[in-house]
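Each value in this text was obtained by applying a stated rule to the coordinates, not by laboratory testing. What you see is a predicted model, and the numbers here were worked out from it, not measured in a lab. Every residue, glycine as well, gets a Cβ built from its backbone with ideal geometry; the counts of neighbours run over all protein chains shown.
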Amino acid sequence: MDGAGPLDPLPGTIALARPEATAPDRDAWAAVRRGVLGLCPRCGEGRLFGRYLKVVPACPRCGQDLSGHRADDGPAYLTILLVGHLVGFAMHFTWTAFRPEPLVFALGTSAGAVALSLWLLPRVKGAIIGFQWARHMHGFGAGEAATD
């Protein structure tokens, strides 16, 4: 077979996207970096969030539709994962090095965990939205490739 025929899958298998039908790659690292900074993953100039975690419907600079993102519970899960590891290490180090009073230790650890969570959550959400945009996931599908 010369390879010019159709790429039909075998019965009982899953058909993969054809190479000519896939959208061009976008720079994932740049998009994630822009998302962490709270900027549009496409242009890096418009704001990604209108409020603390509320994503704007479209970038005010380039017009990129941002309403199709599907961050859902991912940012909260990853934030808890990161904060849990960082606070756990800090607790171990603080307890072995300084032996603070239990109430001071509990209050300090709790305040640090809450502050770190509130600081990290929008950054992680922006990174996930940037990654989704770079990989043409969900609302950032291949149909938009011509506008990049």
Can you bin the stretch 67-137 into rounded, prolate or oblate? Criterion: square roots of the alpha carbon gyration tensor eigenvalues sorted a ≥ b ≥ c, rounded for a/c under 1.5, prolate for a/b above b/c, oblate for the rest.
prolate
Net charge of neighbours whose Cβ lies under 10 Å from the Cβ of residue 129, counting Lys and Arg as +1 and Asp and Glu as -1
+3
At 0.36 nm per residue, and after removing the present C-alpha to C-alpha distance, how many nm does the segment from residue 54 to residue 27 gain when stretched out fully?
7.3 nm
Distance (nanometres) between label positions extended 7 Å along Cα→Cβ at residue 85 and residue 116:
1.1 nm
Here the gain from full extension of residue 99 to residue 70, 0.36 nm per residue of separation minus their alpha-carbon distance, amounts to 6.1 nm
Just want to confirm a number: the relative contact order over the stretch 26-139, from Cα pairs under 8 angstrom separated by 6+ residues, in percent.
44 percent
